[in-house]
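Have a look at the structure below before the remarks.
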Amino acid sequence: MSLLGSSQMASPDPEKADSAAESAKVLVAAIRANIRPRDIITRKSIENAVALVMATGGSTNAVLHYLAIASAAGVKWTIDDFERVRRKVPVLCALKPSGPYVATDFHAAGGPPQVLKMLLAHGLVHGECLTITGRTLAEELAGVPEEPRSGQDVIRPWNNPVYAQGHLAILRGNLATEGCVAKITGLKQTSITGPARVFDSEPAAMKAILARKIKAGDVIVIRYEGPKGGPGMQEMLAPTSALIGQGLGDSVGLVTDGRFSGGTWGMVVGHVAPEAYVGGTIALVKEGDSITIDAKKRLIQLNVSAKELAARKKKWKQPRPRYTRGLMAKYMKLVSTASLGAITDAG
């Protein structure tokens, strides 16, 4: 839906203005040629986009976004499709937070067109997909080499990826029966089992972290920050940044029904569904409960018996909504679970 290479340009650079002008021309041409969004947004093109997210080490937010985009376009795409793509696509780019480089470095090294051409050469994207220009993806990439140029380390050659498989994994277990999302690459330890430190909001968790009440081995639970509970899904960038600043990024787990920034790093799991506000298991966690996060097994487990959880569920009461009138109250009533993309027209 945008011109290849345009997304990583720095706003102040002259090429951005040139790209904007070219985008306007292409848009007018697309209207004249009757190219519609649903001609471009298909199951195959969404798979292409997700493959690019995996290859570049993109944000966990991509899971929400592409579930929602697929829904709007009437395309069949589920949370488990991300795991299917993850297993076959390597991480090729050493971009923050998984590496030292930033978006402008990526652009200078060849950007998305270079990575897409590498994926195309190895059969991991669909070259026949239509683009906004009216040409296919393969046609757009015809002049791009199949391997990145030498003298740079932002985009790795195919035989030397940053990681052999994608970084965004879908975890499941009794704590997230509908699934949740974790970045599983670059971790010194791939699993943690520890006592739950439970907070019913992000500010409450931040207060405890800044007061240095969180210790190595703890598993922080931040709940009631999901699509309905938030309402909306706040980025948990502040808590994760604070943990890293205290040297706890490798030794503390964090589980939330909220979401994360693209810059988030560590043993963190977001988009837990069902969320706390609708009575998901995350609402039943008590301070000190044992929680296991295992990236290799793609497991997230509350180590409490089913009988005990059933007893807790009977006693659980939905908290008062944070909004009772207006737009946010309407949003709370309409929004779906995160595992469907937090959309407002699921029914």
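Assorted remarks:
- Among the residues examined, GLU146 qualifies as part of a loop (DSSP other than H, G, I, E, B) and over 20 Å from the mean Cα position of the chain (by Cα).
- Any pair with Cβ under 8 angstrom, 6 or more apart, that starts in the stretch 299-311 at a residue that is part of a helix (DSSP H, G or I) and ends at one that is open to solvent by less than 50 Å² (accessible area, probe 1.4 Å): ALA306/ASN174; LEU309/ASN174; LEU309/THR281; LEU309/LEU284; LEU309/LEU302
- Here the strands (runs of 3 or more DSSP E) wholly within the stretch 215-290 that include at least 1 residues being in contact with a Cys (Cβ under 7 Å, 6 or more places away or on another chain) and either in contact (Cβ under 8 Å) with a residue 40 or more places away in the chain or under 19 Å from ILE170 (Cβ atoms) (or both) are 268-273.
- Any hit, the stretch 199-211, residues being part of a strand (DSSP E or B) and either within 17 Å of ARG259 (Cα to Cα) or not aliphatic (A, V, I, L, M) (or both): yes
- Residue within the stretch 45-57 that is within 25 Å of the chain's Cα centre (by Cα) and acidic (Asp, Glu) present: yes
Listed here are the residues, each with its yes/no results for (1) modelled with pLDDT of 95 or more; (2) over 30 Å from ARG87 (Cβ atoms); (3) touching a helix residue (DSSP H, G or I) at 6+ places or on another chain (Cβ under 6 Å).
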residue	(1), (2), (3)
GLY186	no, no, no
THR190	no, no, no
PRO195	yes, yes, no
PHE199	yes, yes, yes
LYS215	yes, yes, no
TYR224	yes, yes, yes
LEU237	no, no, no
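- The stretch 72-115, residues that are assigned to a helix (DSSP H, G or I), surrounded by fewer than 19 Cβ atoms within 10 Å (Cβ to Cβ) and polar (S, T, N, Q): THR104
- For the stretch 157-184, the tally of residues that are crowded, with 22+ Cβ neighbours inside 10 Å and not hydrophobic (A, V, I, L, M, F, W, C) stands at 4.
Conditions (1) among the polar types (S, T, N, Q); (2) farther than 30 Å from ILE69 by Cβ; (3) open to solvent by less than 100 Å² (accessible area, probe 1.4 Å); (4) touching a helix residue (DSSP H, G or I) at 6+ places or on another chain (Cβ under 6 Å), marked per residue:
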site: LEU299; (1), (2), (3), (4): no, no, yes, no
site: ALA306; (1), (2), (3), (4): no, yes, yes, no
site: LYS315; (1), (2), (3), (4): no, yes, no, no
site: PRO319; (1), (2), (3), (4): no, yes, yes, no
site: GLY326; (1), (2), (3), (4): no, no, yes, no
site: TYR331; (1), (2), (3), (4): no, no, yes, no
site: THR337; (1), (2), (3), (4): yes, no, yes, no
site: ILE343; (1), (2), (3), (4): no, no, yes, yes
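- The stretch 246-286, residues that are of a type in the set (Ser, Thr, Tyr) and open to solvent by less than 10 Å² (accessible area, probe 1.4 Å): THR256, THR264
The values are calculated or read from the model by the stated rules, or taken from the named source; none is laboratory data. Here the structure is a predicted model, which means the values were calculated and not measured. When we count neighbours, we look across all protein chains shown, and the Cβ atoms used for this are built from the backbone with ideal geometry, even at glycine. Heavy atoms of the whole protein, side chains included, go into the accessibility calculation; ligands, DNA and RNA do not. Shrake-Rupley method; radii C 1.70, N 1.55, O 1.52, S 1.80 Å.
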